[in-house]
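The values are calculated or read from the model by the stated rules, or taken from the named source; none is laboratory data. This structure is a prediction, so every number in the text was calculated from the model and none was measured. Cβ atoms come from the backbone with ideal geometry, glycine included; neighbour counts cover every protein chain shown. These accessible areas exclude ligands, DNA and RNA; they are computed on the full protein's heavy atoms, side chains included. Shrake-Rupley method; radii C 1.70, N 1.55, O 1.52, S 1.80 Å.
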Amino acid sequence: MALGWSNSRAAIRDRWNRLRPLDRHRLVNAIRAYRGYNLNKRGNITRQTAWPLSLSVEPTTSCNLRCPECPSGLRSFTRPTGMLEVKTLKRVLDEIGHHLVYLNLYFQGEPYLHPEMNELVRTGAAHGLYTSTSTNAHFLRPERCTEIVQSGLSRLIISVDGMTQDTYSSYRVGGQLEKVLEGTRNMVEARRTNGGKGPHLVWQFLVVGPNEHEVNTIKAHAQRIGVDELVIKTAQIDQPEDGHPLLTESAELRRYDRNPAGEWTLRNPLADDCWRMWQGCVMTWDGRVVPCCFDKDAHHTMGQVGTHSFEQIWFSPEYDAFRAQIFSNRSAVEMCQNCSEGSHAYA
């Protein structure tokens, strides 16, 4: 089965845009980061000396949907909920923006519920960063799409998890597929009106049991509607078991397999390394810095912006100790036990 799809010309343009922020300083920092990562991967545990290359920032924990397996949808956070202040992002980027290459304005929640989302994007773009976000597309009205195109956003991921209302709402509980399709068409039109300029448009298809038969259908529809890329993503399931409604029949479309004891386990062997964690981190709406997007409830908070500078947090002994554990005994870290990083499954 052929999975995923991309428009080759748009893909080349997007790859170039990702590389554009790499001035001499950022390139030197990236090389330093890669060297440090490889030293640790080979068992030579060393401290972090490079600044992060990427930063994910949470605009809000609020969401209009009720997706299972998602703390925003389940309203199950133990940490505070709220919305990022623009001044918090500006403070962080004023400190580390000249080191970063990639800014992802997404963690939990629906970003376009934030009333100043476009200002957050402009803040990243003003620092010359490749800036992305992910949306359920229920708020992509024509006028908002025009604003998004003009904001400087580099990449917009739209979650489309079904080709009928029944299959879509089996995961996107409370959502309307027609709004997603309409929002996508609005974005395609806004870019066309702007002379083809605007964010790289990605459809993301989360494969679960009810929609796995639609993989080829959505591939054809993605090409017709005018997006630049289709990404097939396997589902994270906290407690996979026989009969779980989200488990796919196709092994190719899931992260989990049965072990000889009959238990469902992650296919990823969890090697003691993680490039994504080494080169970047996540900041919650209230400035908490956590190592990874799998730490959805911020259990591994390394510090909080405002109380400490980003430099103090990123290069702290506590953060170095956490990195050392990732490169020596990653499977002991609970949030890593359901991670697709390094897996051959589509993640």
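Quick rundown of the values:
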| item | result |
| --- | --- |
| Some residue of segment 310-324 being open to solvent by 20 Å² or more (accessible area, probe 1.4 Å) and not in a helix (DSSP H, G or I) | yes |
| Strands (runs of 3 or more DSSP E) completely within segment 249-304 that count 3 or more residues being surrounded by 15 or more Cβ atoms within 10 Å (Cβ to Cβ) | 280-283, 288-290 |
| Residue in segment 175-183 that is farther than 30 Å from Trp278 by Cα and among the small types (Gly, Ala, Ser) present | yes |
| Top-ranked residue in segment 114-141 [being of a type in the set (A, V, I, L, M, F, W, C) and more than 21 Å from Cys63 (Cβ to Cβ); ranked as least open to solvent (accessible area, probe 1.4 Å)] | Leu129 |
| Single residue of segment 154-209 satisfying the filter (open to solvent by less than 10 Å² (accessible area, probe 1.4 Å) and in a loop (DSSP other than H, G, I, E, B)) that is nearest to Gly73 (Cα to Cα) | Gly175 |
| Search result, residues across segment 222-243 that are surrounded by fewer than 17 Cβ atoms within 10 Å (Cβ to Cβ) and assigned to a loop (DSSP other than H, G, I, E, B) | Gly226, Asp238, Gln239, Glu241, Asp242, Gly243 |
| Candidate set from segment 52-65 (those that are at pLDDT 95 or above and of a type in the set (A, V, I, L, M)); member that is most open to solvent (accessible area, probe 1.4 Å) | Leu53 |
| Any hit, segment 36-46, residues being in contact (Cβ under 8 Å) with a residue 40 or more places away in the chain and β-branched (Val, Ile, Thr) | yes |
| Hits in segment 278-304 - residues which are aliphatic (A, V, I, L, M) and in contact with a helix residue (DSSP H, G or I) (Cβ under 6 Å, 6 or more places away or on another chain) | Val289, Met302 |
| Residues within segment 66-113 that are under 19 Å from the mean Cα position of the chain (by Cα), closer than 16 Å to Leu129 by Cβ and open to solvent by 70 Å² or more (accessible area, probe 1.4 Å), tallied | 1 |
